[in-house]
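Here the structure is laid out as structure tokens; the discussion comes afterwards.
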Amino acid sequence: MPAKKETETLSFEASLERLESLIEAMENGDIPLADLVAKFEEGSKLLKTCQSQLKQAELKIEQLNLKTGKLEDFDLSSED
């Protein structure tokens, strides 16, 4: 199981891929209970990491001014 620091440094795609493999392994039902709990914990951390990365991307998209291509504060009143 990757350490918390390792989980936080994975790319979104790598985190999602690992999360999917954990889910698949857990669904097989061949895992001892102790390993199942460890995989659940790792999956929970990966889920939080993915959610955080998605939120950060969402905020950047909201702030992106398409006219200048620069990040700016999001302001509804400036929309055409």
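No value in this document is a laboratory result; all are computed from the given coordinates. Since the structure is predicted, the reported quantities are computational estimates derived from the model, not experimental observations. So basically every Cβ, Gly included, is an ideal-geometry build from the backbone, and we count neighbours across all protein chains shown.
Sorted on the mean count of surrounding Cβ atoms within 10 Å across their residues, most packed first, peptides 19-32, 41-54 read 41-54, 19-32. The label-point distance for LYS70 and ALA57, in a model that sets each label 7 Å from Cα toward Cβ, rounds to 2.6 nm. Computed 3J(HN,Hα) for the stretch 38-53, one whole-Hz value per residue from the Karplus formula 6.51 cos²θ - 1.76 cosθ + 1.60 where θ = phi - 60°, is 4, 5, 4, 4, 4, x, 4, 5, 5, 4, 4, 4, 4, 4, 5, 5, glycine and proline marked x.
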